[in-house]
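What follows is a single structure, written as structure tokens, with notes after it.
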Amino acid sequence: MTKQTLRAEVIARAKNLSSTYCREADEAICRRVIGTDIYEKARTIFCYVGTEREIDTMRLIHIMMRDGKKVAVPLCVEKGVMEARRIEGMGDLVSGRYGILAPRLQCPVVAPEDLDLVIVPCCTGNAKGERLGYGGGYYDRYLPKVKCPTMLLCRHQLEREDIPLEAHDVRMDYFVTERDVAACRAEGE
């Protein structure tokens, strides 16, 4: 199966998920993330702002700020290229490219090496750390620059074992669903 075929299949399946399931799964995923040692130790976290079809991360971002974390969110600066920009509050988010909430241009850039945790979106993923994104390549270009753990969020009903991979695809360190947090790599891998 090609990435395009799998992506279309998963997106179609995601549209049929009930709003109740999505809300409950997203809340459970948020609880799982904040319950991890990796979250507890992280001082600066790069977290995507979920779109309608993704995990709702706004509650998670609120909790990060409440917990005193420095929070950075993506700003798409050109096709396939994004930066992590620090926000001080929800007022720093405005409608950006593709209608996705993004940080104001005045928000400071956070260098990849200054991040302690990156929370990554997906179309689908699995506990092996394999990820299928939405095809823009933003995370495939950004993630090789970071030295910290990566955490992939996915609703269990969208999890897939048969993800086609290419050489540039980056494996995630952790995979979080409403059911579990899986460590995807052995220590030192």
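The values are calculated or read from the model by the stated rules, or taken from the named source; none is laboratory data. Since the model is a prediction, treat every value here as computed from it, not as a measurement. Cβ placement follows ideal geometry from the backbone for every residue including glycine, while neighbour counts extend to all protein chains displayed.
Could you go through segment 42-62 and let me know if any residue there is in contact (Cβ under 8 Å) with a residue 40 or more places away in the chain, surrounded by 13 or more Cβ atoms within 10 Å (Cβ to Cβ), farther than 30 Å from Pro164 by Cα and more than 14 Å from the chain's Cα centre (by Cα). Write out each step before concluding.
Going through segment 42-62, the residues in contact (Cβ under 8 Å) with a residue 40 or more places away in the chain turn out to be 42-51, 53-55, 57, 60.
Next cut, surrounded by 13 or more Cβ atoms within 10 Å (Cβ to Cβ) only: 42, 44-51, 53-55, 57, 60.
Next, from what is left, pick out any that are farther than 30 Å from Pro164 by Cα: 42, 44.
Filter once more, keeping what is more than 14 Å from the chain's Cα centre (by Cα): 42, 44.
Yes, that holds for at least one residue.
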Among Lys147, Lys128, which is over 26 Å from Lys3 (Cα atoms), assigned to a loop (DSSP other than H, G, I, E, B) and either hydroxyl-bearing (Ser, Thr, Tyr) or without any contact (Cβ under 8 Å) to a residue 60 or more places away in the chain (or both)? Lys147
Quick check, is Gly133 under 14 Å from the mean Cα position of the chain (by Cα) and surrounded by fewer than 21 Cβ atoms within 10 Å (Cβ to Cβ)? yes
Of all residues being in contact with a strand residue (DSSP E or B) (Cβ under 7 Å, 6 or more places away or on another chain) and loosely packed, with under 14 Cβ neighbours inside 10 Å in segment 86-96, which is nearest to Glu52 (Cα to Cα)? Just the residue, please. Ser95
Looking at the structure I just gave you, is Ile63 outside any helix (DSSP H, G or I), in contact with a helix residue (DSSP H, G or I) (Cβ under 7 Å, 6 or more places away or on another chain), at pLDDT 95 or above and β-branched (Val, Ile, Thr)? no
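Does any residue of segment 26-37 turn out to be among the basic types (Lys, Arg), out of contact with any Leu (no Cβ under 8 Å at 6 or more places or on another chain), without any contact (Cβ under 8 Å) to a residue 40 or more places away in the chain and not in a strand (DSSP E or B)?
yes
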